[in-house]
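Inspection log for the structure reproduced underneath, given as structure tokens.
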Amino acid sequence: MTRGIWPLLAAAPAATLPTISGERELRIDLFRGLSLWLIFIDHVSPDVLAWFTIRSYGFSDAAEIFIFLSGFTAAFVYGRTLFEAGFVIGSARILRRVWQIYCAHILLFSVLIAAVAVVTGLTGNGFYMQETEVTEFFRDPGPAMIQALLLRYRPLNMDVLPLYVVLMSALPLVLLLAKWRADFPLAVSIALYTITIRYDLHLSSYPAGFWSFNPFAWQLLFVFGAWCALGGGRRISPLIDSPVVFWIAVGYIVACFLVTLTWYFPSVAGIMPAWLVWLIYPIDKTDLDILRFGHFLALAVVALRFVPNGWRGLESPWAQPLILCGQYSLQIFSLGVALSFIGYAALTETSAGFVAHIAVGVIGILIMCGVALLFTWYRRALSAAARRHKPLPVRSA
């Protein structure tokens with residue numbers, strides 16, 4: 001087995017980055033913004049608004065989109081620095097980003113704890129402590145805060161950023177391996193994923209249990225995104241563009257949809273043969289079940305067919321809110337998690353109906369778009385100020 005694989009790896013070229021034209025790849029921002037909206041909707045009203053997100057119609061959800069694009073973007077942004085400036089400088093830039101993500105997580109943790117305390121105090125209902133899984137913090141805040149700083153203790157819906165911290169911390173190694181042989185990081189990632197599933201590798205959480213997103217498994221999606229950014233996507237583009245692959249992807253999406261129907265309509269569950277039930281269940285999110293990974297790939301193939309490179313819809317005013325949110329993914333994700341709890345509490349306390357659920361969802365998305373627009377204005381204002389105060393070149397006599 002080893003002798004068969006090694007010559008292929010030895011012959012693989014070093015990773016290469018696509019030529020940068022000076023413009024952002026707006027499709028990445030578009031789909032990343034979409035994932036942020038979907039994550040917010042799933043969190044704020046999982047029993048009503050989730051019917052408008054992809055998780056109700058297939059095996060994967062917005063988390064797969066977010067992690068894949070995070071790997072793609074990270075490799076594209078930091079790969080050039082590591083390849084050209086060296087491992088030390090490139091790693092320093094990546095670790096700076098890791099620190100930013102970590103600080104965002106701790107700040108979000110503090111905000112969410114404060115929000116739960118305020119809502120509990122106003123309503124006198126301890127339900128929210130249990131629902132957000134922060135009872136342990138209010139019972140014994142000292143040890144819980146230490147564990148939160150160690151990323152082992154997290155309230156509900158705060159599992160993505162700790163995963164992001166771990167995956168970004170491993171990015172220097174991924175890029176270093178890719179610099180040697182382009183396909184080697186993906187081969188190592190697949191091997192680690194296989195070992196994880198076989199031997200149940202995991203990270204424990206506080207006070208009991210495991211990480212909801214197992215980094216040993218979810219790294220496969222992150223590394224696959226990085227591999228695509230480092231030239232892999234270009235090499236498999238003929239496969240993605242194949243009509244046969246497209247219709248296989250459509251067929252798999254339809255099959256997944258039919259399976260999900262049995263989750264919501266038990267009366268039709270009997271149509272699934274026993275052997276198929278035994279084969280596919282459980283479809284585990286924690287360890288990134290291969291069926292979830294396959295569903296994400298199928299969605300990606302279909303999405304790339306309808307949103308090709310240079311798609312003119314990216315210039316549409318309707319696409320701009322998604323693109324703006326995608327350009328500030330860390331900030332908007334954190335804001336969305338905080339808003340989702342506030343919206344969820346408001347809907348719970350008022351026993352709101354369908355129209356109120358829609359209104360809360362729309363208001364939350366509008367706030368996210370408004371903040372993204374504010375960040376854009378601020379960045380442009382700083383750039384304009386820097387140009388105005390740029391010192392004139394000194395001419396020699």
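The values are calculated or read from the model by the stated rules, or taken from the named source; none is laboratory data. These figures come from a predicted structure and were not determined experimentally. All Cβ positions, even for glycine, are placed from backbone atoms using ideal geometry, and neighbour counts span all protein chains on display. In case anyone asks, the SASA skips ligands and DNA or RNA and just uses the protein heavy atoms, side chains included. Shrake-Rupley method; radii C 1.70, N 1.55, O 1.52, S 1.80 Å.
A few comments on the model shown:
- Gain upon complete extension [Ile236, Arg96; 0.36 nm per residue less C-alpha separation]: 47.2 nm
- Put simply, the amide H of Phe210, placed in the peptide plane, has neighbours under 5 Å in Ser205, leaving out anything fewer than 5 places away on its chain.
- Distance (nanometres) between label positions extended 7 Å along Cα→Cβ at Asp200 and Ala274: 2.6
- Net charge contributed by nearby residues that have their C-beta within less than 11 Å of Leu322 (K/R +1, D/E -1): +1
- Cβ-derived FRET efficiency at R0 41 Å, Val307 paired with Glu349, nearest 0.05: 0.55
- Cβ-placed point charges (K, R +1; D, E -1), dipole of the chain about Cα centre in debye, nearest 20: 1740
- In the complete set of protein chains, residue-level accessible area for Ile89 is approximately 90 Å², probe 1.4 angstrom.
- For the stretch 74-190, carbon and sulfur atoms together expose 68% of the accessible surface, with a 1.4 angstrom probe and every protein chain in place.
- Extreme residue, positive dipole direction of the chain, given options Phe296, Ile240, Thr132 (C-beta unit charges): Ile240
- For the chain, hydrophobic long helices are taken as DSSP H runs at least 15 Å long by C-alpha position along their axis with mean Kyte-Doolittle hydropathy of -0.5 or more; these are 26-44, 62-85, 87-123, 184-199, 215-227, 243-264, 290-306, 329-350, 354-388.
- The sum of -39500 (n - 2.57) across all DSSP H runs of n ≥ 4, divided by the residue count of the chain, sets its helix-only mean residue ellipticity at 222 nm to -22500 deg cm²/dmol.
- Protein-only accessible surface at a 1.4 angstrom probe places the residues Tyr344, Tyr128 in the order Tyr344, Tyr128, largest first.
- Radius of gyration and maximum dimension Dmax of the chain, Cα, Å: 22.6, 90
- Three-way shape label, the stretch 245-385, alpha-carbon gyration tensor, a/c 1.5: oblate
- Phe52 versus Thr123: modelled label distance in nm, points set 7 Å from Cα along the beta carbon direction: 2.2
- Near-label residues of the stretch 26-57 by backbone N, under 16 Å of a point 7 Å along Cα→Cβ of Thr262: 57
- Accessible-area value, Tyr378, 1.4 Å probe, nucleic acids and ligands omitted, Å²: 130
- Radius 14 Å from Cβ of Ser60, net charge of other residues (Lys, Arg +1; Asp, Glu -1): -3
- Accessible surface ranking that places the most exposed of Phe66, Phe138, Phe306 first, with a 1.4 angstrom probe: Phe306, Phe138, Phe66
- Area of Arg181 that stays accessible when all protein chains are in place (1.4 Å probe, Å², to 10): 60
- Taking all Cα pairs closer than 8 Å and separated by 6 or more residues, the relative contact order of the chain comes to 29 percent.
- Under 18 Å from the Val88 label point (7 Å along Cα→beta-carbon), backbone N, the stretch 157-182: 172-173, 176
- Projecting label points 7 angstrom from Cα along Cα→Cβ for Ile283 and Ile106 puts them 3.9 nm apart.
- Neighbourhood charge, 12 Å Cβ-Cβ cut-off, centred on Met129 and excluding it, Lys, Arg +1 and Asp, Glu -1: -2
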